[in-house]
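The values are calculated or read from the model by the stated rules, or taken from the named source; none is laboratory data. Computed from a prediction, not measured in an experiment: that's the story for all the values here. Here Cβ is always computed from backbone atoms with ideal geometry, including for glycine, and neighbour counts include all displayed protein chains. Side chains included, ligands, DNA and RNA excluded: accessible areas come from the protein's heavy atoms. Shrake-Rupley method; radii C 1.70, N 1.55, O 1.52, S 1.80 Å.
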Amino acid sequence: YGPTGASHIFGPQKGADPAMVEELDRGVIHLCEVIRRDLGMDLSEVPGGGAAGAMGAGMIAFFGSRLQMGIETVLDTVGFDQTIGDADLILTGEGKIDGQSLRGKVVIGVARRAARQGKPVVAVVGGADYDVEPAYGEGVTAIFPINRLPQDFSVIRAHSRENLTFAMDNIVRMLKAFAK
């Protein structure tokens, strides 16, 4: 909880206004206080504990679970490290790459794993915020936003398929130019 907690970080992304964010944050604080009082566990500093409506904190408190980034679980489950063994390039993506992406979203999880094997990673994203520079240090080679025009999402979403096709076509054209 607090300014860097789940309510403040993810609430606005999900449509919560400032008053809602404060109410959500009070709920997470209350949950932590109840768990501390009744179970003797302080979960206030557990990374990821407040995500998904504090489900992570609940899983630790009530089931003795261990938290792991979701992307790590998915990559392990699909055998990602073995799958990319003979890959020359890895393409991945998400709706928006931003500062939150560094906290365990798909692109960064894929990039970190790929970097261990020296594989380049191209992220194709709906949008890229101004704070994505650290993604390059995590193994992302290049970031390509698909939106061609500065339009509101309510307008541009109808063009997602053609914009993605355009971006991918240009990435392939660039790769072909260097393959000669």
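Descriptive notes on the structure:
- For segment 3-27, the tally of residues that are open to solvent by less than 30 Å² (accessible area, probe 1.4 Å) and at pLDDT below 90 stands at 5.
- The set of residues in segment 33-50 being at pLDDT 90 or above and either among the charged types (D, E, K, R) or out of contact with any helix residue (DSSP H, G or I) (no Cβ under 6 Å at 6 or more places or on another chain) (or both) consists of Glu33, Val34, Arg36, Arg37, Asp38, Gly40, Asp42.
- Selection status of Ala167, in contact with a helix residue (DSSP H, G or I) (Cβ under 9 Å, 6 or more places away or on another chain) and either part of a loop (DSSP other than H, G, I, E, B) or under 18 Å from Gly93 (Cβ atoms) (or both): no
- Top-ranked residue in segment 153-180 [being under 22 Å from the mean Cα position of the chain (by Cα) and among the charged types (D, E, K, R); ranked as least open to solvent (accessible area, probe 1.4 Å)]: Arg157
A quick yes/no check of all residues on (1) free of Cβ contacts under 8 Å to residues at least 12 places away in the same chain; (2) touching a Leu at 6+ places or on another chain (Cβ under 8 Å); (3) part of a helix (DSSP H, G or I); (4) more than 25 Å from His8 (Cα to Cα):
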site	(1), (2), (3), (4)
Gln68	yes, no, no, no
Glu72	no, no, yes, no
Gly93	no, no, no, no
Leu102	no, no, yes, no
Ala115	no, no, yes, yes
Gly118	yes, no, no, yes
Val122	no, yes, no, yes
Tyr136	yes, no, yes, yes
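- Across segment 92-103, the qualifying residues are those that are small (Gly, Ala, Ser) and open to solvent by 20 Å² or more (accessible area, probe 1.4 Å), and the one among them that is farthest from Asn147 (Cα to Cα) is Gly99.
- Under the condition of being at pLDDT 90 or above and outside any helix (DSSP H, G or I), the residues counted in segment 141-164 number 6.
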